[in-house]
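Q: Have a look at the structure that comes next, please.
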Amino acid sequence: MEVTIFIHAADDAFRILEKAKARAVGLLDTATNLTSETRWMREKKIQAILKGAQETKSGFQNFVATFVMLMVFWALLSGKFDTFHLSLGVICSLIVAYLSHDLLFANVRVGDGRLIAQRFLRYIPWLMREIVTANFHVAYLALSPKMPIDPQIITFRTKLESDISWVTLANSITLTPGTITIDIEDREFMIHALDRKVADDLDTGEMEDRVAHIFMEADHIYIQDVLDVSRIFAELKRGM
Amino acid sequence: MNIPFDIIFQIFVVMCAIAAITVRDLLSAVMVLGAYSFFMCLMWAQLGAVDVAFTEASVSAGIGTILLIAAVLKTTRRSKD
Amino acid sequence: MIVSSDDIIIKTIARIFVPFIQLYALYVIMHGHYSPGGGFQGGVILGASMALLLITHGYDEVKRRLPEGVVMLLGSVGVLIYAGIGLTCLLLGGNYLDYSQLSVILHVDPAHARSLGILGVELGVGFTVMAVMYSIFFDISTGGILPEDQKQEEKLESEG
Amino acid sequence: MAYIVEALSIVCILGGLFFFMTATIGLLRFPDFFTRLHATGKGDTLAVFLCLLGFAIHEGLSLTALKILFIAVFMFLAQPTATHAISRAGIRHGLKPWVKGEERQ
Amino acid sequence: MNEFFIAAGLALCLLVFLVLYRVIFGPGVFNRIAASSAIGTKTLIILLILGYVYNRVDMFIDISMVYALLNFIGCIAAAKYLEMER
Amino acid sequence: MKTLGLIVSIIVGAFLMYGTIDMPDWGDPNSPASIHVSPRYIKKTEVETATPNMVTSVLADYRGYDTLGETTVIFTAGMACILLLRRRKEAGKARR
Amino acid sequence: MDFIIAKYNYWIYIILMMIGFYAMIAKSNLIKKIIGMNIFQTAIILFFVSMAYKKGGATLPILTNADMHGEHAIQVAQYLNPLPHVLMLTAIVVSIATLGVALAIAIMMYRKYHTLEEDEILKAIK
């Protein structure tokens, strides 16, 4: 009696697994199809972007970019727009830009600068939502009388390549629920997490993908331009 | 209108001063002195001396603390009292 | 204290911050007339920005921008600017540090000449304070021995 | 209209005060240094941002409000970095993170 | 509105008082550094509130900006010291 | 040494507190400090120097000598620091 | 009661000064002495700046609307006294410079005697 029930159950389980696998394979197939399609479609543009990404900006371009940025900052600080103060601002910005033209934009890879800015602006609302969640999490932990925490240190390797994306990722990790970045040593992130669940959430790598999406890191560039990745990941998780 | 702020900052300043000279560890004393200078800046802003508050803010947050830390690094961190 | 930090985050954030701090310091010096600020505060903030660069990026990076000799030169030049403006007033027939005499060579009315004289003086004070703050921090954090001298000394000691 | 703006700024500042409070309570109650950093690193950043947003709304559309928002941007860059620097120094200095079941420090 | 700002400032002072416990008694240097930087952020807000009390906010913003820009230098220097000491 | 220091500082503090009885009240607008020269500075700063910030105008204009002296003091302090701590290259060689 | 309200500020400054003075006399560590000196200085500066304060709604020593010409339009009682602020502003920067010199001397002493405690240094000198 028990044996038949067991066999039936095992059979059911196998069938469900089979179905899930078929669905996952189908999804992956469509994903690859889409990817190759877009690759074919936008090959030229992406190649141009990648080629630009390899070379860092020249010194003069850096100088001009720094100067413009500092001049905007000066106008915002000063609030006086007569000739005397504006010329003072130009002189000061020139001095500072000369002193530190290789600091502000050092090894920023030239992709499409405007695209990066756009994507960064689109990243900010998501980050704000995460920060608010993080704060409510901390508030809950701090105010609950038993304080259900189980801190642990986890490490993971990242696929990101440039330093500015590492910094964005690390600061985002510090600001999001229950985790702070302790150390980065050649692509190995060391993270202090407040409990097991938070650590697992981090392992899905959603934030990493988003950051890679902003800075157009090579591995992620094709798939993410056309697809909302998080949905695919969620689907895959449910299917398996 | 300013009176409550005045009294509160004075109490903070005295507490920080006492703590800064009683702490054994010199680096801790330096950090307590940093907190002391925050309250000093608040006190000056409350007294209306904006320029003095500005000076204290830039001096203590910028140079004073790191100067003391560098000196502690070059000498020793322990103290007997 | 002055070796370069090996933390990529601190280095990057310091790199982004330093130009803004420097521009802010210059703003504080230039706008001492209308808002709190002036030569002393701006000079201290400039010195702090150089100290931040020294802590995070090491001595070599700072030396490329601002060699030791230039720092000492700026320190003396600041005092000289101050004294020189006073002396100019004396040469133009007024009292020492009476900036209203400057209106002759600047072609503005005396009140604005005094305002411009104040600006020049603040600039001199800012240079001096910056140089002194930076050099005090540098000396205390290295113990007074320049890194290249230290290397040389070690080499000499290992030889003999 | 003016009432709505005032109410909005008051709500923002009250939210900031709430997060300041939770950050402070966390700083006092959490068991060890690293967990306390969780409280200050996250709590203070959002609280400062909310307070500054409240001030900026109260100020209206002007250069002062823009300056206040710039302060918020700088805080957003500086605060996580400071948190990271201290925690890194702690782990390199040999501080052991608290694990469940130990006594609180 | 002004009364509200004063009340908020007093509440922040109370919070600073609580943080001051960690600065004065906190075990070890690390707690003191963290608490000291927390006091720095609260100071920034209280300064702006004092500006509203005086009705001259545009003068006080500059001081707050200094704290926003320079407050983390102390943290980084102390962290570097502790790393080098080991 | 400890008790002696405590006694000395308490005595000095008591004397100073006794001295405060003759001080003007805190925040008195008519205290001697604020009726002597400062009204002139406050009134004339806009007309004479075109500088709204009185602190700056007094610092760099009316009391320019004072600030020149302070700047020189700061410069001297920097010099003293360098002279105390820094060891030049030649000195290192000579020491060897 | 009026007397206390009028004078308690001075007493707190004197208490602060006493703390610094005690640290300078009784603590044997040199850096503690320097910290005490710092506290002493701030107490004196605080005393000076508090002289500039005027009760009754006086604002900062920065003119509110700069276009206003003519000295008769400016009420003196409306603005704080700028003179103590000026003197003390320079005193703070000078105090940080003297702090640097004091720390340099402390470092020199540590190099020579390998200690910062005053009594051990005195023993080594003998």
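Q: What is the number of the single condition among (1) of a type in the set (A, V, I, L, M); (2) more than 11 Å from C:L23 (Cβ to Cβ); (3) touching a Phe, Trp or Tyr at 6+ places or on another chain (Cβ under 8 Å); (4) modelled with pLDDT of 85 or more that A:I91 does not meet?
A: With respect to (1) of a type in the set (A, V, I, L, M); (2) more than 11 Å from C:L23 (Cβ to Cβ); (3) touching a Phe, Trp or Tyr at 6+ places or on another chain (Cβ under 8 Å); (4) modelled with pLDDT of 85 or more, A:I91 is out only on (3).
Q: Moving to a separate point now. Kindly establish whether E:D58 is buried (at least 22 other Cβ atoms within 10 Å of the Cβ), at the interface with another protein chain (Cβ under 7 Å from one of its Cβ atoms) and not aromatic (F, W, Y).
A: no
Q: Then there is this: In region G:110-126, what residues are within 11 Å of chain F (Cβ to nearest Cβ) and touching a residue at least 12 places away in the same chain (Cβ under 8 Å)?
A: G:E118, G:D119 - these are the residues of region G:110-126 that are within 11 Å of chain F (Cβ to nearest Cβ) and touching a residue at least 12 places away in the same chain (Cβ under 8 Å).
Q: Which count do you get for residues in region C:29-55 that are within 7 Å of another protein chain (Cβ to nearest Cβ) and either outside any helix (DSSP H, G or I) or more than 19 Å from A:N171 (Cβ to Cβ) (or both)?
A: Number of matching residues: 17.
Q: So the check is Cβ under 7 Å with 6+ separation or different chains; which pairs have a first residue in region B:10-29 that's closer than 30 Å to G:I5 by Cα and a second one that's at pLDDT 90 or above and outside any helix (DSSP H, G or I)?
A: Final answer for the pair search is none.
Q: Do we find a residue being under 26 Å from F:C81 (Cβ atoms) and not in a helix (DSSP H, G or I) anywhere in region G:1-13?
A: no
Q: Among C:G93, C:G84, C:G144, which is farther than 24 Å from C:K11 by Cβ, within 9 Å of chain F (Cβ to nearest Cβ) and of a type outside the set (A, V, I, L, M, F, W, C)?
A: C:G144
Q: Still on this model: Could you please find all residues in region E:2-31 being without any contact (Cβ under 8 Å) to a residue 40 or more places away in the chain and of a type in the set (A, V, I, L, M)?
A: If the condition is that a residue be without any contact (Cβ under 8 Å) to a residue 40 or more places away in the chain and of a type in the set (A, V, I, L, M), then E:A7, E:L10, E:A11, E:L12, E:L14, E:L15, E:V16, E:L18, E:V19, E:L20, E:V23, E:I24 are the ones that fit.
Q: Another one. Within region D:44-57, can one find any residue that is in a helix (DSSP H, G or I), out of contact with any helix residue (DSSP H, G or I) (no Cβ under 7 Å at 6 or more places or on another chain) and of a type in the set (A, V, I, L, M)?
A: Scanning region D:44-57 turns up no residue that is in a helix (DSSP H, G or I), out of contact with any helix residue (DSSP H, G or I) (no Cβ under 7 Å at 6 or more places or on another chain) and of a type in the set (A, V, I, L, M).
Q: Provide a single number: the residues in region B:10-20 that are surrounded by fewer than 23 Cβ atoms within 10 Å (Cβ to Cβ) and facing chain G (nearest Cβ under 7 Å).
A: Here the count works out to 3.
One line per residue, one yes/no per condition, for (1) assigned to a helix (DSSP H, G or I); (2) facing chain C (nearest Cβ under 8 Å); (3) in contact with a strand residue (DSSP E or B) (Cβ under 7 Å, 6 or more places away or on another chain); (4) farther than 29 Å from G:A52 by Cβ:
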residue	(1), (2), (3), (4)
B:C41	yes, no, no, no
B:A45	yes, no, no, no
B:T55	yes, yes, no, no
B:S60	yes, no, no, no
B:G64	yes, no, no, no
B:L67	yes, yes, no, no
B:A70	yes, yes, no, yes
B:D81	no, no, yes, yes
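Q: Name the single residue, out of those in region C:118-130 being of a type outside the set (D, E, K, R) and facing another protein chain (nearest Cβ under 7 Å), that is farthest from C:G78 (Cα to Cα).
A: Only one residue fits best here, namely C:I118.
Q: Checking the condition surrounded by fewer than 23 Cβ atoms within 10 Å (Cβ to Cβ) and under 14 Å from the mean Cα position of the chain (by Cα), which residue from C:V62, C:V28, C:V44, C:V3 passes?
A: C:V62
Q: Does A:L127 count as free of Cβ contacts under 8 Å to residues at least 60 places away in the same chain and more than 22 Å from D:A78 (Cβ to Cβ)?
A: no
For every residue, the table says whether it meets (1) surrounded by 17 or more Cβ atoms within 10 Å (Cβ to Cβ); (2) over 17 Å from G:P84 (Cα atoms); (3) in contact with a Pro (Cβ under 9 Å, 6 or more places away or on another chain); (4) among the basic types (K, R).
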| residue | (1), (2), (3), (4) |
| --- | --- |
| F:I10 | no, yes, no, no |
| F:M17 | no, yes, no, no |
| F:D22 | no, yes, no, no |
| F:D25 | no, no, no, no |
| F:N30 | no, no, yes, no |
| F:Y41 | yes, no, yes, no |
| F:E46 | yes, yes, yes, no |
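Q: Among the residues of region E:1-31 satisfying the criterion of being outside any helix (DSSP H, G or I) and within 7 Å of another protein chain (Cβ to nearest Cβ), which is nearest to D:H38 (Cα to Cα)?
A: Filtering region E:1-31 for residues that are outside any helix (DSSP H, G or I) and within 7 Å of another protein chain (Cβ to nearest Cβ), the one nearest to D:H38 (Cα to Cα) comes out as E:P27.
Q: Can you find even one residue in region F:63-77 that is outside any helix (DSSP H, G or I), of a type in the set (K, R), under 25 Å from the mean Cα position of the chain (by Cα) and at the interface with chain C (Cβ under 10 Å from one of its Cβ atoms)?
A: Yes; the residues of region F:63-77 include at least one that is outside any helix (DSSP H, G or I), of a type in the set (K, R), under 25 Å from the mean Cα position of the chain (by Cα) and at the interface with chain C (Cβ under 10 Å from one of its Cβ atoms).
Q: Here's another thing I want to ask about it. Assigned to a helix (DSSP H, G or I), within 10 Å of chain A (Cβ to nearest Cβ) and in contact (Cβ under 8 Å) with a residue 40 or more places away in the chain: which single residue out of D:T35, D:T81 fits that description?
A: When all the criteria are applied, what remains is D:T35.
Q: Is there any pair with a first residue in region A:63-90 that is in contact (Cβ under 8 Å) with a residue 24 or more places away in the chain and a second that is of a type in the set (G, A, S) whose Cβ atoms are under 8 Å apart and which are 6 or more apart or on different chains, and what are they?
A: What qualifies is A:F63/A:A97; A:T66/A:A97; A:T66/A:S100; A:F67/A:S93; A:F67/A:A97; A:L70/A:S93; A:L70/A:A97.
Q: Just checking: which of the helices (runs of 4 or more DSSP H) contained wholly in region C:84-160 hold 2 or more residues that are at pLDDT 90 or above and surrounded by 23 or more Cβ atoms within 10 Å (Cβ to Cβ)?
A: Qualifying helices (runs of 4 or more DSSP H): C:110-142.
Q: Looking at E:A35, E:A68, E:A77, which one is buried (at least 23 other Cβ atoms within 10 Å of the Cβ), farther than 23 Å from C:R15 by Cα and at the interface with another protein chain (Cβ under 7 Å from one of its Cβ atoms)?
A: Sole residue among the options that is buried (at least 23 other Cβ atoms within 10 Å of the Cβ), farther than 23 Å from C:R15 by Cα and at the interface with another protein chain (Cβ under 7 Å from one of its Cβ atoms): E:A35.
Q: Read through the list (1) within 7 Å of another protein chain (Cβ to nearest Cβ); (2) in contact with a helix residue (DSSP H, G or I) (Cβ under 7 Å, 6 or more places away or on another chain), then give the number of the only condition that E:Y52 fails.
A: (1)
Q: Only one of (1) facing chain E (nearest Cβ under 9 Å); (2) at pLDDT 85 or above fails for D:A56. Which number is that?
A: The failed condition is (1).
Q: Is it the case that A:P145 is in contact (Cβ under 8 Å) with a residue 24 or more places away in the chain, more than 15 Å from the chain's Cα centre (by Cα) and either in the same structural domain as A:K197 (by TED's automatic domain parsing) or surrounded by 15 or more Cβ atoms within 10 Å (Cβ to Cβ) (or both)?
A: no
Okay, residues lined up against (1) crowded, with 19+ Cβ neighbours inside 10 Å; (2) touching a residue at least 40 places away in the same chain (Cβ under 8 Å); (3) aromatic (F, W, Y); (4) within 30 Å of B:V30 (Cβ to Cβ):
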site	(1), (2), (3), (4)
G:L30	yes, yes, no, yes
G:I39	yes, no, no, yes
G:K55	no, no, no, no
G:I74	no, no, no, no
G:I92	yes, yes, no, yes
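The values are calculated or read from the model by the stated rules, or taken from the named source; none is laboratory data. Note that this is a predicted model, so its numbers are computed, not measured. No Cβ is skipped: glycine too gets one built from the backbone with ideal geometry, and neighbour counts run over all protein chains shown.
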